Amino acid sequence: MKDLHRVSLDAAKVLRLLPPYPVVLVTTGSNIITINQVAYFTFAPLRLGIGVAQTRYTHGLLKTERAFVINVPDASLLNAVRLCGSVSGREVDKFAAAGLTRCPALKLPAAGIGECGAQIECQVDREMAFEERTWFIGPVVAAQQREGHTGAAALTCGREAYRLPGDLVTPR
Ligand SMILES: Cc1cc2nc3c(=O)[nH]c(=O)nc-3n(C[C@H](O)[C@H](O)[C@H](O)COP(=O)(O)O)c2cc1C
């Protein structure tokens, strides 16, 4: 292999090397939070987790509710994504402030967001604390999507901007 010139990188810049992460609106209790720390932990059953800083109002809600709904927004909801990621439910009713509509979840008492293309309901059965964050993890107990909705409309976020997922590529 040709000896290509390489430069070392600060740890702080390493995340830029990875593709952007999904950004979702998570509802728990009657609050909404913007989250990009969302990941799957097991396949069968499918178990999803969200990483929530201990300072967030949502953190305390998750400790008591033990359940959350992952609502998948599209680009028409960018203002709501920004608002729910910059103000706290301690001071603001984010459904009202963002002009979003509560819609009933299929299995959980928590409300979903009607304007989002899909809702994924998770019941927390594991919790892992790392430094200043807790990962709340649990199986998907129900999910629903708007007719015609696909993951291609989901948003991702990098450091400075939001993006739509890119082109589809397949191995030869
Ligand atoms: C794009 C984006 C992604 C975010 N991802 C997370 C996250 O994964 N975990 C987290 O704790 N906070 C995250 N935040 C910050 C919270 O959304 C923000 O602090 C929010 O106001 C907390 O609301 P709460 O106090 O009502 O829980 C993110 C914010 C933005 C804008």
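Read-outs throughout are calculated quantities, based only on the coordinates presented, and are distinct from any laboratory measurement. As the structure is a computational prediction, the values presented were derived from the model and not from experiment. Methodologically, a virtual Cβ is constructed for each residue, glycine included, from the backbone with ideal geometry; neighbour enumeration extends over all protein chains shown.
What the table below lists for this structure:
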item	result
Estimated vicinal HN-Hα couplings, Hz - segment 63-79 in sequence order (Karplus 6.51, -1.76, 1.60; Gly, Pro = x)	4, 8, 6, 6, 7, 8, 10, 8, 9, 9, x, 10, 5, 6, 10, 4, 5
For Gly85, residues with placed amide H under 5 Å, excluding near neighbours	Thr34
Relative contact order %, segment 78-172, counting alpha carbon pairs below 8 Å whose residues are six or more apart	16
Cβ-based net charge around Glu127, under 10 Å, with every Lys or Arg adding one and every Asp or Glu removing one	+2
Computed helical MRE - 222 nm, the chain, DSSP H runs ≥ 4 contributing -39500 (n - 2.57), nearest 500	-3000 deg cm²/dmol
Prolate/oblate/rounded label for segment 21-160 (Cα gyration tensor, a/c 1.5)	rounded
Cβ-defined net charge surrounding Gln54, 15 Å radius [Lys, Arg +1; Asp, Glu -1]	+1
Amide hydrogen neighbours beyond the local backbone of Leu46, cut-off 5 Å, H modeled	Val140
Extension gain, Arg66 back to Glu147 (0.36 nm per residue minus Cα-Cα distance, nm)	26.3 nm
Coil-residue trypsin sites (Lys or Arg not before Pro) of segment 1-62, DSSP, other Cβ within 10 Å capped at 10	Lys2, Arg6
Computed over the chain: relative contact order in percent, which uses C-alpha pairs under 8 Å that are six or more apart	25
Potential extension, Glu132-Leu9 segment - 0.36 nm per residue separation minus Cα distance	41.8 nm
Local net charge near Arg102, Cβ-Cβ under 12 Å (Lys/Arg +1, Asp/Glu -1)	-1
Rounded if a/c under 1.5, otherwise prolate or oblate - segment 68-119, Cα gyration tensor axes	oblate
